[in-house]
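This report refers to the structure that appears directly beneath it.
The values are calculated or read from the model by the stated rules, or taken from the named source; none is laboratory data. It should be emphasised that the depicted structure is a prediction, and the values quoted were computed from it without experimental measurement. A quick note on method: Cβ atoms are made from the backbone with ideal geometry, for glycine too, and the neighbour counts reach across all protein chains shown.
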Amino acid sequence: MAASAEELLKEWEEEDRELRELRRRSADWKYIESLPPRVREAVELYVETGDIWLAAKLAGLTVDEFNEIRIKAGILW
């Protein structure tokens, strides 16, 4: 039996919630707080959404540059 659209949406929302929580717990918040405001806000956006492309753009960095900051901040994918 195929899952309904509502069931899939609920499943994806639960996955998003779990991943957001993992990113929050793994983050080095002292390091994040030490970042310049624009970059800090982009990192916080990434923690909440997992959207590395948008976060990098907000920070004014390439995705590779932003990913280096993500790694230094200890944030999981």
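Structure summary
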{"quantity": "Exclusive hit being under 16 Å from W77 (Cβ atoms) and among the aliphatic types (A, V, I, L, M), set A3, A27", "calculated": "A27"}
{"quantity": "Among residues of the range 24-77, those that are within 26 Å of E14 (Cβ to Cβ), of a type in the set (F, W, Y) and either touching a helix residue (DSSP H, G or I) at 6+ places or on another chain (Cβ under 7 Å) or not in a helix (DSSP H, G or I) (or both), counted", "calculated": "3"}
{"quantity": "Residue match in the range 1-21 (condition: surrounded by 10 or more Cβ atoms within 10 Å (Cβ to Cβ), modelled with pLDDT under 95, of a type in the set (G, A, S) and part of a loop (DSSP other than H, G, I, E, B))", "calculated": "yes"}
